[in-house]
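J.: Below are the structure tokens for one structure; questions will follow.
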Ligand code: AMP
């Protein structure tokens with residue numbers, strides 16, 4: 001089978017149809033709010049690639065990205081990504097075409113991300129860990145045309161991409177990263193556009209950019225979601241770069257800052273808090289991986305000054321290995337779960353500033369203000385980063401605000417918080433209030449600090465498992481588990497885990513009352529093409545699932561049950 005597209009020069013292409021391509025699947029911001037955001041300077045009518053170019057022009061000789069094996073200045077990054085964009089256009093991809101990403105934290109991911117953006121293509125933040133269940137759904141939901149895959153991983157993503165393209169309504173161009181030698185019918189990112197003269201590549205990028213509507217989608221992120229199917233989050237040119245810039249400004253970053261990033265760069269936190277935030281101010285991105293035995297030495301070697309530590313790395317910060325990068329670190333941002341006093345002090349040492357970030361792919365970021373008292377940086381996730389961000393704490397299931405200090409559902413609205421998921425009209429009705437506040441599914445309260453409203457996260461209502469930052473939708477897994485021939489009913493809950501924060505435990509009711517083995521459950525999920533990180537890591541068998549007095553599955557009881565069992569085995 002061949003999935004190559006016919007190379008053609010850009011002049012032969014018909015231009016993409018712009019925002020109209022998405023029709024009413026894309027929810028726009030109300031005009032009055034848009035006007036306010038523009039006036040506040042928190043929206044910029046300039047496409048993302050031009051924002052990057054502004055930095056390239058300002059800081060050409062400064063380092064833009066460094067990894068354990070590669071580095072680039074802004075000038076090099078600019079030229080290389082112009083050429084990749086030209087190469088993508090030569091493949092026949094047209095502005096507006098979505099491109100799936102399944103690559104890890106390596107410099108090529110950065111290059112092809114920007115290459116896509118410069119060619120007017122729309123990166124889709126899928127994960128290297130995703131399989132047919134996820135990719136099949138998401139690729140159709142967005143009408144993906146391109147697919148970037150990393151070669152040489154344990155699982156053959158190049159072959160996987162070929163299989164996904166077979167009979168697919170839109171997928172047709174496979175791009176590879178790290179492939180040794182050209183794989184049949186695929187296009188290595190490393191050589192894409194390499195023969196295009198830099199000036200020509202620049203001119204072609206500029207020509208694409210001049211046709212971009214700032215209110216159009218620049219990237220699709222994915223939501224952990226609250227119902228079975230993952231939701232697609234459209235991020236727009238007008239707000240996505242500014243979201244990152246606001247974050248960088250909150251933390252006081254400049255071109256001298258060296259930002260280390262360990263968690264997946266393709267996550268919204270990676271793109272916004274790592275890549276775009278660093279590049280919005282001319283800082284250097286020190287792109288590491290989740291493996292601290294490599295990441296911490298790289299941070300030390302590259303003298304990283306700032307790092308975002310996700311919950312999955314809290315233990316590593318507590319350990320002696322954190323001494324190595326500590327010498328150069330000035331700021332540590334903790335995110336994903338409440339840090340205890342001990343971790344907070346360890347992260348801070350005697351000289352560092354420590355704060356917290358609460359963020360979501362749907363938009364809203366709150367970050368500890370630089371000058372907030374230490375106690376509030378320890379106990380709250382700070383304040384929203386945009387002056388026009390609005391927060392309301394609502395009685396769950398209502399639009400009634402609770403008083404400051406009381407716990408309710410965190411809801412938010414603002415310049416970079418989506419006004420609606422992509423192509424999800426029905427779901428949007430429940431996910432947003434009538435006046436457009438996004439219901440986050442997180443429980444929070446407002447704490448007053450020097451008269452300022454800081455947010456304290458107090459839990460969540462949404463039914464998901466947060467496995468080291470990777471969100472697993474309980475309902476999605478339950479629906480898959482009951483397709484196992486021996487499983488009659490299933491309930492999936494989070495169980496505490498010292499390293500990842502949470503892992504998945506499945507309570508099963510079998511048809512014959514006999515236990516089903518973990519091997520059999522996993523083989524079934526593998527057969528369905530479900531990403532491995534979503535597979536249950538513990539099974540419990542019950543004759544019936546417990547119910548609440550309103551007839552819902554009593555997950556609170558199941559969570560308490562697994563906690564008690566884990567405590568017993570710990571003793
Ligand atoms: P994502 O869209 O994958 O970035 O996930 C966003 C979700 O992660 C939020 O809605 C929260 O449930 C959770 N989250 C993010 N930051 C924090 C934090 N600092 N504390 C607790 N939960 C968090």
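J.: What is the diffusion coefficient of the chain in µm²/s, taking the Kirkwood radius over Cα pairs and the Stokes-Einstein relation at 20 °C with a viscosity of 1.002 mPa s?
T.: Details: Rh = 24.5 Å.
For the chosen part, D equals 88 µm²/s.
J.: In whole angstrom, note down how far apart the Cα centers of region 258-273 and region 461-480 are.
T.: Distance between centres, Cα-based: 22 Å.
J.: Ranked highest first by average number of other Cβ atoms within 10 Å, how do 92-99, 542-549, 164-171, 240-247 line up? List each step's numbers first, then the result.
T.: Details: 92-99: 22.9, 542-549: 11.4, 164-171: 15.6, 240-247: 25.4.
Output ranking for 92-99, 542-549, 164-171, 240-247: 240-247, 92-99, 164-171, 542-549.
J.: Under 19 Å from a label point 7 Å along Cα→Cβ of residue 375: give me every residue in region 435-471 with its amide N that close.
T.: Only 445-457 pass the distance filter.
J.: Which of the peptides 512-519, 328-335 is most tightly packed, and how do the rest follow, judged by the mean count of other Cβ atoms within 10 Å per residue? Walk me through the numbers before you get to the answer.
T.: On the way: 512-519: 11.2, 328-335: 21.6.
Going from most to least packed, we get 328-335, 512-519.
J.: May I pose another question? Antiparallel as a % of all DSSP beta bridges within the chain, to the nearest 5? Intermediate values should be presented prior to the final figure.
T.: Working: 49 of 87 bridges.
Beta bridges within the chain, antiparallel portion: roughly 55 percent.
J.: What is the order of 368, 20, fewest Cβ neighbours within 10 Å to most?
T.: Working: 368 27, 20 11.
Fewest to most other Cβ atoms nearby, the residues stand as 20, 368.
J.: Determine which residues of region 313-338 fall in the zone a paramagnetic label at residue 570 would reach in this model, i.e. backbone nitrogen under 17 Å from the point 7 Å along Cα→Cβ.
T.: Counting only backbone N, you get 314-316, 338.
J.: Follow-up. Multiplying the sequence separation of residue 166 and residue 61 by 0.36 nm and subtracting their Cα-Cα distance, what value in nm do you get?
T.: Computed gain between residue 166 and residue 61 is 33.4 nm.
J.: Something else: Could you work out the helix-only [θ] at 222 nm for the chain, with each DSSP H run of four or more residues adding -39,500 (n - 2.57) and the total divided by the number of residues, to the nearest 500 deg cm²/dmol? Intermediate results must be reported in sequence, preceding the final value.
T.: Numbers: 18 runs with 173 residues, N = 571.
Theoretical 222 nm ellipticity from helices: -9000 deg cm²/dmol.
J.: Would you mind listing how long region 421-477 runs along its three principal axes, going by Cα atoms, in whole Å with the largest first?
T.: 42, 32, 16
J.: Could you work out the relative contact order of region 468-570, using alpha carbon pairs under 8 angstrom and six or more residues apart, expressed as a whole percent? Intermediate values should be presented prior to the final figure.
T.: On the way: 140 pairs, mean separation 26.7, N = 103.
Relative contact order of region 468-570: 26 percent.
J.: Only bridges whose two residues both fall in region 468-570 count here: according to DSSP, what percent of them are antiparallel, nearest 5? Write out the running numbers ahead of the final one.
T.: Details: 11 of 15 bridges.
About 75 percent, rounded to the nearest 5.
J.: Please give, to one decimal in nm, the separation of the simple spin-label points placed at residue 69 and residue 210, each 7 Å out from Cα toward the Cβ.
T.: Label-label distance for residue 69 and residue 210, simple model: 4.0 nm.
J.: Please order 497, 156 by the number of other Cβ within 10 Å, starting at the fewest.
T.: Working: 497 17, 156 13.
Going from least to most buried by this count: 156, 497.
J.: Simple spin-label model, 7 Å along Cα-to-Cβ: residue 133 to residue 303 in nm?
T.: Reported label-point gap for residue 133 and residue 303 is 4.7 nm.
J.: Here is a further query. 7 Å from Cα along Cα→Cβ at both residue 453 and residue 200: what's the point-to-point distance in nm?
T.: If labels sit at residue 453 and residue 200, their model points lie 5.6 nm apart.
J.: Can you tell me how region 468-570 classifies by the Cα gyration tensor, rounded, prolate or oblate, using a/c under 1.5 as the rounded cut? Intermediate values should be presented prior to the final figure.
T.: On the way: a/c = 1.43, a/b = 1.05, b/c = 1.36.
Rounded.
J.: Over the chain, calculate the relative contact order: mean separation of alpha carbon pairs under 8 Å at least 6 apart, over the residue count, as a percent.
T.: Numbers: 1209 pairs, mean separation 71.7, N = 571.
Relative CO of the chain lands at 13 percent.
J.: How long is the gain from residue 528 to residue 328 if the chain were fully straight, where each residue apart is worth 0.36 nm and the alpha carbon distance is subtracted? Intermediate results must be reported in sequence, preceding the final value.
T.: Values: separation 200, 0.36 × 200 = 72.00 nm, distance 4.64 nm.
Fully extending the segment from residue 528 to residue 328 adds 67.4 nm.
J.: Just rank 413, 538, 83, fewest to most, by other beta-carbon atoms within 10 angstrom. If you can, show how the numbers build up before the last one.
T.: Details: 413 22, 538 15, 83 26.
Lowest count first: 538, 413, 83.
None of the figures in this text is laboratory data; all of them are computed from the coordinates on show. Note that the structure is a prediction, hence the values are computed from the model and not measured. Cβ atoms come from the backbone with ideal geometry, glycine included; neighbour counts cover every protein chain shown.
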